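Each remark here refers to the structure printed beneath this line.
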């Protein structure tokens, strides 16, 4: 069966708690911690599962935290392939200050991924791509993973004739640019870092995206702009979408949800602008849930209809 495959080379168990106020030195009494499977590609797969997509999540994991991660994924009835690794899987912590509503996010570096595990990950992706229509790689690269790892995945997807979506930043993104790279999804800070220049307005943002495509570095660029919406630029044109007005509870997971919406649309054979519309709907739905919770299926489809009804997406 044709499916969507996600790969998370640096997964995590995400811990969420809240506290009255964050202050130095003193012990901070927090609420009971909530633990969820995390890491970019895993979050993308979790959202796709909620949209009833046929999706499989691949990730390397080790140690007791890796065991917990696998249990959390399987508890959501999400198909997965775990590649054993020697190092302990990382955790990340989000603490919300009840008094102000501010969130403090502590993201730890992953442990070294040994060369054998890197090769095993690539081989597993290669096998899964035999029956895939979309490959999504999302998140940072663990120490020990070559900077061109995502470029290798892009070439693999290109050779198989399947869509490749990449959501990463910094050296991992720069190392992936080039022929065969499909859709990249930077936010404004990540795009500014990539092109080495501030991008204060829409004109500058569009030019930066168009130049990446003209230089052969990617086929499509989806630039997410938070509450201002997003831009999608392809070789065939550009679209702008405004985010629907909703009550914002937490921005965590919005980017991964956007990526999931785009992946679902491309997998379904939709026109690019309609996949973009679903990405905006899913990303907006994510901010309607508290803490580190991801979007709800019913919110995604309600917002998908609302974006069209309210004319929130247009071709530039």
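All of the numbers you see were taken from the coordinates with simple rules; none came from a lab. Since the model is a prediction, treat every value here as computed from it, not as a measurement. Quick reminder, even Gly has a Cβ in these numbers, built from the backbone with ideal geometry, and neighbours come from all protein chains shown.
Please report, ordered by residue number, the strands (runs of 3 or more DSSP E) entirely within the range 19-91 with at least 3 residues that are over 18 Å from the mean Cα position of the chain (by Cα). Before the answer, list the steps.
Working: elements: 34-38, 55-61, 79-84.
Ranges flagged: 79-84.
So for the range 259-276 (the condition being surrounded by fewer than 21 Cβ atoms within 10 Å (Cβ to Cβ), farther than 30 Å from residue 211 by Cα and touching a helix residue (DSSP H, G or I) at 6+ places or on another chain (Cβ under 7 Å)), does at least one residue qualify? Before the answer, list the steps.
Narrowing the range 259-276 to residues surrounded by fewer than 21 Cβ atoms within 10 Å (Cβ to Cβ): 268-274.
Of the ones still in play, those that are also farther than 30 Å from residue 211 by Cα are none.
Checked against the condition, which is being surrounded by fewer than 21 Cβ atoms within 10 Å (Cβ to Cβ), farther than 30 Å from residue 211 by Cα and touching a helix residue (DSSP H, G or I) at 6+ places or on another chain (Cβ under 7 Å), the range 259-276 yields no hits at all.
Of the residues making up the range 210-250, those that are part of a helix (DSSP H, G or I) and within 28 Å of residue 292 (Cα to Cα) are 226, 227, 228.
Yes/no matrix, rows are residues, columns are (1) outside any helix (DSSP H, G or I); (2) in contact with a strand residue (DSSP E or B) (Cβ under 7 Å, 6 or more places away or on another chain):
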{"residue": "252", "(1), (2)": "yes, yes"}
{"residue": "277", "(1), (2)": "no, yes"}
{"residue": "282", "(1), (2)": "no, no"}
{"residue": "293", "(1), (2)": "yes, no"}
{"residue": "301", "(1), (2)": "no, no"}
